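Bear in mind that the values in this text are calculations on the coordinates, not laboratory data. Being a predicted model, the structure only gives us computed values, none of them experimental. We place every Cβ from the backbone using ideal geometry, glycine too, and count neighbours over all the protein chains shown.
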Amino acid sequence: MLSKQYIKSRDVMKVTFEVDFAPDAERVELLGEFNGWQPQQLRKLKSGVHKIAFDLAPGASYEYRYRIDGVWANDAAPDRYAPTRFGVTNSVVEC
């Protein structure tokens, strides 16, 4: 799940990525164009939801995927999906 908030004073879109479909996961990572496809671990809340936020450029779109306990997964509700040259799809966030 994505939530977005435009921060006018800094001209950024604060995008919060939430994984609520893997409450028993030990490790959830986010990899995307906005972080050079380098894994960043999401923080696990007491509710079982995993969460992380990034400040992204407004007007841009970024592909991303999750890695949940070592297994690749797409967001359950991205802005859209994009096919890749590897025969899978990536999630996309539109800022």
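In segment 37-76, what residues are within 15 Å of residue 22 (Cα to Cα), without any contact (Cβ under 8 Å) to a residue 60 or more places away in the chain and not in a strand (DSSP E or B)?
Of everything in segment 37-76, those that are within 15 Å of residue 22 (Cα to Cα), without any contact (Cβ under 8 Å) to a residue 60 or more places away in the chain and not in a strand (DSSP E or B) turn out to be 42, 45, 46, 47, 48, 49, 69, 70, 74.
Could you say whether any residue in segment 85-94 is out of contact with any His (no Cβ under 6 Å at 6 or more places or on another chain), under 22 Å from residue 7 (Cβ atoms) and touching a residue at least 60 places away in the same chain (Cβ under 8 Å)?
yes
Which numbered condition trips up residue 70, out of (1) exposed (fewer than 11 other Cβ atoms within 10 Å of the Cβ); (2) in contact with a His (Cβ under 8 Å, 6 or more places away or on another chain); (3) among the small types (Gly, Ala, Ser)?
Going through (1) exposed (fewer than 11 other Cβ atoms within 10 Å of the Cβ); (2) in contact with a His (Cβ under 8 Å, 6 or more places away or on another chain); (3) among the small types (Gly, Ala, Ser) one by one, residue 70 breaks only (2).
Is it true that some residue in segment 77-94 is surrounded by 14 or more Cβ atoms within 10 Å (Cβ to Cβ) and outside any strand (DSSP E or B)?
Yes, segment 77-94 has at least one match.
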